[in-house]
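Worksheet: one structure, shown below.
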Amino acid sequence: MYRSLLLFFIITYTLIGRSEEYPVQSCPAYNNLKHTKNTHNVILERDKPYTILREHKGQYLILVQGENPAQRWVDERCFDPTHVSSEDTFSTSIMTDKVKSENNILALSWHNAYCETNRYKKECKRSLFSLGKGKYKEKHFVLHGLWPQPKSRIYCDVDRESIQLDKHGQWQHLPTLEMDEDVAVRLQKVMPGFASGLHKHEWIKHGTCYGSDSAEYFMNAVNYTEQLNNSKVGSFFTQQIGKYVSLKQVRSLFDLTFGQGTGQRVELQCEKGMITEIWLHLGKGSNDLGTLLQRGKQSRSKCQGGIVDRAGYQN
């Protein structure tokens, strides 16, 4: 039986294909798929062949002779001669889709609830040192994304390599985004996911279809988020932490705060009895959140209410 299993693995290993190839880039070789550790800071040498053991989600498992561990993970692009380096910077002057999006969803997360179900994300650990284990201090909505509609409008004029990196969650290898220092500081404050490269993902997938450069895209998203948090709606959610809030309450408050009918442009997202996100359907032609809501499309909400989660892990 054991000999059969051994033979199976040998045959399988052979079928996967051991091939020696020369890298086209001097890439780092990581111990793991997540690229969080590189023992001895190994960098591939272009004039040296490496044995490729297998491919998995846009990465190659290779052998690096003389290293411990010898098996290392590198991006597929390191051996792809057609690859244009993803380290290139997106200029803020680039507009990939020049038709300005007239219908967008502003997706805002209640960070406490998000971290309740994503405890090991970088953005859910950023306050641990100052507040103690399992605690974080967000008492407001944070920016998830600004999404041009319809939902099929994604990856506008984006190269295949960047799309693959994005879909495989390799956000740290997506192009660096240029933006003013002030915008970058404000963005990191309203988007904790910045620590995980969420801003790069949002630009590649959604921002490229917004009809502006990345600077304007993020400036608008930050402004809208700040307007919501600084409004009576933001204060209401802060005051209701630990309590149940209904969709009817939220929509009525939007009507009072941003104008009659704006509540119908709001939907809630819920998970495990908690409100995890609030989605605002925005129209065109203004920097004022209330005006954008009044011009947005009416929406239905599957979630009819939920708990406004407290900081810290509840179980």
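The values are calculated or read from the model by the stated rules, or taken from the named source; none is laboratory data. Here the structure is a predicted model, which means the values were calculated and not measured. Ligands, DNA and RNA are excluded from the accessible area calculation, which covers all protein heavy atoms including side chains. Shrake-Rupley method; radii C 1.70, N 1.55, O 1.52, S 1.80 Å.
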Requested in this report: Could you sort out which of Lys57/Lys139; Lys100/Lys248; Lys167/Lys243; Lys139/Lys200; Lys57/Lys151; Lys205/Lys248 sit more than 28 Å apart by Cα distance in this structure?
Outcome: Lys57/Lys139; Lys100/Lys248; Lys167/Lys243; Lys205/Lys248
**Report entry** Rounded to whole Hz, the Karplus (6.51, -1.76, 1.60) HN-Hα couplings of the stretch 144-149, x for glycine and proline
**Finding:** 8, x, 10, 10, x, 10
Query raised in the report: So what are the ³J(HN,Hα) numbers for the stretch 258-264, from phi and the Karplus equation (6.51, -1.76, 1.60; θ = phi - 60°), rounded to whole Hz, Gly and Pro as x?
Result: 10, x, 4, x, 5, x, 6
Report summary line: Taking 0.36 nm per residue of separation between Asp255 and Gln240 and subtracting their Cα-Cα distance, the length gained on full extension comes to 3.6 nm
Report summary line: Averaged per residue, the 1.4 Å probe accessible area of the stretch 155-259, protein heavy atoms only, in Å², is roughly 42
Query raised in the report: If you take the Cα Rg of the stretch 177-248 and divide it by 2.2 N^0.38 Å, with N the number of residues, what do you get?
Result: 1.30
